[in-house]
Amino acid sequence: MFGLERLIPIGIRPRRSHGARAVVTGAGSGIGRAFALEIAERGGQVICADIDESRADETVALIERNHPGAAHAFRCDVSRREEVEVLARFAESLFERPVTLVVNNAGVGIGGKPVGEIGFDDWEWALGINLWGVVHGCEIFAPQLRAACGGGSDGPGGGSLRNHAGPRARPHQHRGGIINVASAAAFAAAPSMAVYNASKAAVLSLSETMAAEMSGTGVAVTVLCPTFVKTNVARDGRITPQSARLADTLMRLTGFSPDSVARTTLDAHDRGQLYVLPQLDAHLIWRLKRYFPAQYTYALGLLDRLLPQENSTTTDRSSVSDKTGV
């Protein structure tokens, strides 16, 4: 954890994402679904948690085509602590041992209004999922991850999923991990996205803190900070129409596929990497803000004033919004 793991040849380095006993939130579509599918491809077993159980069932059905018995659907509203606690108990019961990988992915999109026009209902709704959902996942699953790395039983899976692993799933003793899905918005600080920016910035800071706390325990922490990924996050959130159209256009033209982002993130997690910025523009924003903070903020404000303004009407599909991620 102090950089020594990077000196180990990749071929013999423990790979946390292989043969994992995993829980993925927001697994009903987008990045969450891609994580669940890729974990199963790597010989793991995965609980696909989502507020929309039918979407979670769809993900499980996709996994079952090639990996029978590798997945299980579970309905969970991550904004409700008691539901995440039930999810954690279910996971430990199903696997008959602690989970080894948690992907806190569930999130919603929100934007298009400046501070002062957002309204507290939107603040509470988005922070409940984007921030508290991740807090619940970290606080509740951290003891299981520590237990998995503290001498608990190794090997892939247990319970009804135990027989799935087969020879492909190689156990790695004393290794676990947590992946938190944030966004480049965590540091980009774009105007009219205060709620989303604040929620993702908090997830980034939480992940950095946990990485320090978990150092030396065998639990790796990775935070994913993409720009545009081809998911439903813009269409399923509370975003003003013009902002939603712009986001959809940028996703279509520049967005990475969820599958690519999931693979890249899991590979980085195997290397013990904290930050994952899968796109070039995310790296550019990171460096511009770091080296030219005043100029960066001024340019953002100028751009915001030059863009056409819109009314404060938002598209609201919150009833299905907890199934996306970024």
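Just a few scattered comments:
- Difference of contour (0.36 nm per residue) and Cα-Cα distance, residue 189 to residue 306: 40.4 nm
- Here the average projected area of the convex hull drawn through the C-alpha atoms of the stretch 21-133 stands at 7.3 nm².
- Among 306, 94, 37, the order of accessible area from largest down is 306, 37, 94, computed with a 1.4 Å probe on protein heavy atoms.
- Approximating the spin labels as points 7 Å out from Cα along Cα→Cβ, the residue 209-to-residue 267 distance works out to 3.2 nm.
- Restricting the stretch 37-124 to GluC sites (Glu not before Pro) in coil, as DSSP defines it, with at most 12 other Cβ within 10 Å: 117
- Two-site FRET efficiency, residue 291 against residue 117, from Cβ-Cβ distance with R₀ of 35 Å, rounded to 0.05: 0.60
- The accessible-area ordering, largest first, of the residues 283, 269 stands as 283, 269, per a 1.4 angstrom probe.
- When all alpha carbon pairs of the stretch 30-81 are counted in 10 Å bins from zero, the resulting P(r) reads 30, 55, 15, 1 %.
The values are calculated or read from the model by the stated rules, or taken from the named source; none is laboratory data. Everything numeric here is computed off the predicted structure, so don't read it as measured data. When we count neighbours, we look across all protein chains shown, and the Cβ atoms used for this are built from the backbone with ideal geometry, even at glycine. For the accessible areas, the whole protein counts, side chains as well, though only heavy atoms, and no ligand, DNA or RNA atoms are used. Shrake-Rupley method; radii C 1.70, N 1.55, O 1.52, S 1.80 Å.
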